[in-house]
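The values are calculated or read from the model by the stated rules, or taken from the named source; none is laboratory data. Every value quoted in this text rests on a predicted model; they were computed, and no experiment measured them. Positions of Cβ are generated from backbone atoms using ideal geometry, with glycine treated the same way; all protein chains shown enter the neighbour counts.
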Ligand code: XIL
């Protein structure tokens, strides 16, 4: 059939997208498009700890379960996002970490959560973003680690091995990802991020931490940052050296800052998508591509102050437009597979 899912599968790859449970439930047109185009789903926010464990003794899995049921009905895979992140944590958690007097007690607040959640979904998750956004050179450390994180503050870098081992033990079959952004652009900030990530992978690999894959988020801002296939290809090549799998986990291509004519922006977005995916998919270690959403009707870019258009117009960063028609970006992804 004619869909991104089938184009990807024909090449032994997977294509899918992030979804919000509410949109799947309330928007039948959206649900049909997701069923048609996606071979793998990831909950866009429902599997972040803030939503899963709003209080120490209360877990809420309903929204994630809803997405997984929908995926099962449409014979789609699913992936989990995310287990250890500096962001989207419940308010009680930093307090609990502060109240813990030993490193062992702090570690338990991480590993027991990971064990509980990954065990609950064991057998149903293709993969997990175990650690999300571990580096941030702008935090001031010479190793580029993101030090402004509840986990780093509590445990230092040890939180990363702890998280991966806990996930591996609870769900030995899911592929375990380190996931991060800001690794594709030819700008100094991305150079520092690439270097910090490669150095981190060196340290994790030397300690036999089960990092099995690297997730390249792929939130591109071509009018702000540019794109250079050679720079990105070098990073992919460096990642290949670790013998891990690769995946584009959150692709969208912001058209913010582009020309007034939306057709021109659509063409630019498609051209960058093509260049970016050609590099990513050239590696035999790359498993596939997920976009962060499917249609411009629902994109996080329009809700984020940092990324939305100042004049309120809809971003055009995803394969389908606001009325679910295929855009040049759809063709670019399809042709890349
Ligand atoms: C975003 C979601 O899309 C939003 O709905 C939410 O409000 C904030 O988070 N990188 C990530 C994702 O790893 O978790 C982020 O998702 C987008 C950037």
Residue 2: passes all of (1) touching a helix residue (DSSP H, G or I) at 6+ places or on another chain (Cβ under 9 Å); (2) more than 15 Å from the ligand (Cβ to nearest atom); (3) within 18 Å of residue 77 (Cα to Cα) but (3)
Quick one: which helices (runs of 4 or more DSSP H) sit completely within the stretch 42-99 and have at least 2 residues that are more than 18 Å from residue 167 (Cβ to Cβ) and within 15 Å of the ligand (Cβ to nearest atom)?
-> 49-52, 62-73
Determine, yes or no, whether residue 278 is part of a helix (DSSP H, G or I), surrounded by fewer than 15 Cβ atoms within 10 Å (Cβ to Cβ), more than 16 Å from the ligand (Cβ to nearest atom) and in contact (Cβ under 8 Å) with a residue 12 or more places away in the chain.
-> no
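Conditions tested, residue by residue: (1) in contact with a strand residue (DSSP E or B) (Cβ under 7 Å, 6 or more places away or on another chain); (2) touching a residue at least 60 places away in the same chain (Cβ under 8 Å).
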{"residue": "3", "(1), (2)": "no, no"}
{"residue": "6", "(1), (2)": "no, no"}
{"residue": "12", "(1), (2)": "no, no"}
{"residue": "40", "(1), (2)": "yes, yes"}
{"residue": "45", "(1), (2)": "no, no"}
{"residue": "48", "(1), (2)": "yes, no"}
{"residue": "51", "(1), (2)": "no, no"}
{"residue": "64", "(1), (2)": "yes, no"}
All-but-one check, residue 188 against (1) over 21 Å from residue 79 (Cα atoms); (2) surrounded by fewer than 19 Cβ atoms within 10 Å (Cβ to Cβ); (3) in contact (Cβ under 8 Å) with a residue 40 or more places away in the chain; (4) out of contact with any helix residue (DSSP H, G or I) (no Cβ under 8 Å at 6 or more places or on another chain), failing number (3)
Which one of 239, 251, 246 is surrounded by 22 or more Cβ atoms within 10 Å (Cβ to Cβ), assigned to a strand (DSSP E or B) and more than 16 Å from the ligand (Cβ to nearest atom)?
-> 246
Selection within the stretch 1-53 - surrounded by fewer than 17 Cβ atoms within 10 Å (Cβ to Cβ), within 27 Å of residue 335 (Cβ to Cβ) and modelled with pLDDT of 95 or more | 6, 9, 10, 11, 12, 29, 31, 32, 36
Answer residue from the stretch 146-160, given it is in contact with a helix residue (DSSP H, G or I) (Cβ under 7 Å, 6 or more places away or on another chain), surrounded by fewer than 23 Cβ atoms within 10 Å (Cβ to Cβ) and in contact (Cβ under 8 Å) with a residue 40 or more places away in the chain and is nearest to residue 239 (Cα to Cα) among those | 146
Filter the stretch 294-317 for residues that are touching a strand residue (DSSP E or B) at 6+ places or on another chain (Cβ under 6 Å) and assigned to a loop (DSSP other than H, G, I, E, B); the one that is farthest from residue 221 (Cα to Cα) is 294
The lone exception for residue 203 - which of (1) away from the ligand (no atom under 16 Å from the Cβ); (2) in contact with a strand residue (DSSP E or B) (Cβ under 6 Å, 6 or more places away or on another chain) it fails = (2)
Restricting to the stretch 300-337, what's the tally of residues that are more than 15 Å from residue 15 (Cα to Cα) and away from the ligand (no atom under 14 Å from the Cβ)?
-> 15
Set 297, 256: member being more than 19 Å from the chain's Cα centre (by Cα), within 16 Å of the ligand (Cβ to nearest atom), within 24 Å of residue 36 (Cα to Cα) and touching a residue at least 12 places away in the same chain (Cβ under 8 Å) | 297
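Can we say residue 227 is buried (at least 23 other Cβ atoms within 10 Å of the Cβ), within 24 Å of residue 196 (Cβ to Cβ) and either away from the ligand (no atom under 16 Å from the Cβ) or at pLDDT 95 or above (or both)? Before you say what the answer is, go through the steps one by one.
Numbers: buried (at least 23 other Cβ atoms within 10 Å of the Cβ): no; within 24 Å of residue 196 (Cβ to Cβ): yes; either away from the ligand (no atom under 16 Å from the Cβ) or at pLDDT 95 or above (or both): yes.
The answer is no for residue 227.
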